[in-house]
Structures are given as C-alpha cells and as structure tokens.
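Participant: Got a structure for you, written out below as structure tokens; questions coming shortly.
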Amino acid sequence: MSGIALVTGGNRGIGREVCRQLVDQGFTVLLGARSEEAGKRAAAEVGAISVPLDVTDGASVVAAEAEVQLQHGRLDVLVNNAAISYDTWQRAATADLDVVREAAETNLYGPWRMVQAFLPLLRKSSHPRIVNVSSEAASLSGMGGGTPAYNTTKVGLNALTRMLAAELRSDRILVNSICPGWVATDMGGAGGRPVAEGARGIVWAATLPDSGPTGGFFRDGQPLPW
C-alpha cells in the first residue's frame, strides 16, 4: 500500500519516525509542523514534504488542506499525532483548567478539526485511513489519578475515534486509536521503548487492508481495553 499521507506534529519524536517509516513504505509523506523551519529540517532528513500546520489554528488547517488539494488532489492517510501537556505535576482535584483547555485544543479539537477539513480529500482515496495517536493512559478500565489534562483529552480522542468510525464506515474510511506505548521522546522522557517500535503500530494502522478493523484501540496491532 502507498499513497499520500499527512502526519501532524511530524517534526520530532514519534511523528518524525512515523513519517520516516511511511516514506520507506513508498508513501508521499506530508510532514505537518507548527514551526516551518523545524518542519523543513525534519522533512529533509526523512524524505518527506514539509507542510506548515498548526492544528489549533483553523486558518492554518484550511491553508494546509488547500495546499494538499492543489498539489495532490486527495489524501489517503491522516495521522493525528500532534499532542501536548503530559501534565505529571497536576491532579484532577486541583488541576489548572486553563492547562486542560489548552491541552484539549491540540489533543482533541486539533484532530477533530483536521478530520472535518480533510474529509473531502479522504473521500477521494481508494483506501482512506485515519489514525488517532492516543495512549493507554486513556483506558478507563485501568485509569487512576494524575496527568488529568493529558488523560481526559485522550479519552475524548478515543470517543471521537469511535464516533467517526461508525459515521464513516459507509465511506470505507477506517478510523482507529493507537497507543504507541511509553516511548523515549521529549514528552515521554528517558527510559521508554525505542521510537521506532512505538511508531510501528501507528504505521500498521495507517496501512491496514480494506478488511482491517475500524473503531478500535490498539498497541502493536493488539486490542487494548477502552
């Protein structure tokens, strides 16, 4: 499988590695990044095409969609990877709700905004895929306290995955949430699994066959409890 793939937050960490792996599989990869300079640098390193993109800014998303429409005419894979605020210093009972709102703009409303803007291009694909990069921290079955901004916004992202999967089934668009695991990145910190391993599960969801699952929550291709 190959085609046109767009990865948000693609200039570093998991997003950058997802871009690299998709390029290796023959995709034309559009690397979205808020910083144009950082995006161009990362894109050159992995063989992707840099696209200035701030998922919290509606005008930026519209401009990116217009550029993809002009240059490519369709989109086959949307990877909603951009995320912020792994707020280990907070607890739900005392959380700064401004921090939670800021996290929601990137972690929940960002992917939602991206899907709404890029749906017309995804519908032009023969094998459309939406991959929402989530976290097992959003699993309600095992949830405890801590990181309230990150966890609640990823729970919301998982709910969005379920709704979109149901609504877009007739369009043959597969929509899944993927947990990359604890990965050694700027957000995850030292000690996690290699970035390439975490990215592999995201690429798996991006390259599912038409008979593949939709509306699921996975890590390394295996189901996780909601």
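Only the coordinates and a few stated rules stand behind these numbers; no lab work does. All values derive from a computational prediction rather than experimental measurement. Cβ placement follows ideal geometry from the backbone for every residue including glycine, while neighbour counts extend to all protein chains displayed.
Participant: Rounding to the nearest 20 debye, state how big the charge dipole of segment 4-223 is about its Cα centre with +1 on each Lys and Arg Cβ and -1 on each Asp and Glu Cβ.
Facilitator: Result for segment 4-223 is approximately 460 debye, rounded to the nearest 20.
Participant: R0 = 45 Å: FRET efficiency of M143 with D171, Cβ-based, nearest 0.05?
Facilitator: Approximately 0.90, to the nearest 0.05.
Participant: Would you mind computing, in nm to one decimal, how far apart the modelled labels at R101 and A66 are, each placed 7 Å from Cα along Cα→Cβ?
Facilitator: The modelled label-to-label distance comes out at 2.9 nm.
Participant: Separate question: Using the Cβ atoms and a cut-off under 14 Å, what net charge is assigned to the surroundings of R20, where Lys and Arg are +1 and Asp and Glu are -1?
Facilitator: Local charge sum for R20: 0.
Participant: Based on DSSP H runs of at least 4 residues, each adding -39500 (n - 2.57), what is the mean residue ellipticity at 222 nm of the chain after dividing by all its residues, to the nearest 500 deg cm²/dmol?
Facilitator: Here the helix-only value at 222 nm equals -13500 deg cm²/dmol.
Participant: While we're here: I need L140, L174, L6 ordered by Cβ neighbour count within 10 Å, fewest first.
Facilitator: L140, L174, L6
Participant: I would also like to ask the following. Between V133, L168, S50, whose Cα lies farthest towards the positive end of the dipole of the chain when Lys and Arg beta carbons carry +1 and Asp and Glu beta carbons carry -1, centred on the Cα centre?
Facilitator: Towards the positive end, the residue furthest out is L168.
Participant: If you compute Rg and Dmax of the Cα atoms in Å for the structure shown, which of (i) 16.1, 48; (ii) 17.2, 49; (iii) 19.4, 75 do you land on?
Facilitator: Step by step, Rg and Dmax of the Cα atoms in Å for this structure corresponds to label (i).
Participant: Please list, in chain and number order, the residues 5+ apart from R219 or on another chain whose amide H is under 5 Å from its amide H, with Hs placed from the backbone.
Facilitator: C179, L224
Participant: Fully extended, how many nm does the chain gain between A159 and W226 (0.36 nm per residue separation, minus their Cα-Cα distance)?
Facilitator: Extending this stretch completely gives an extra 23.2 nm.
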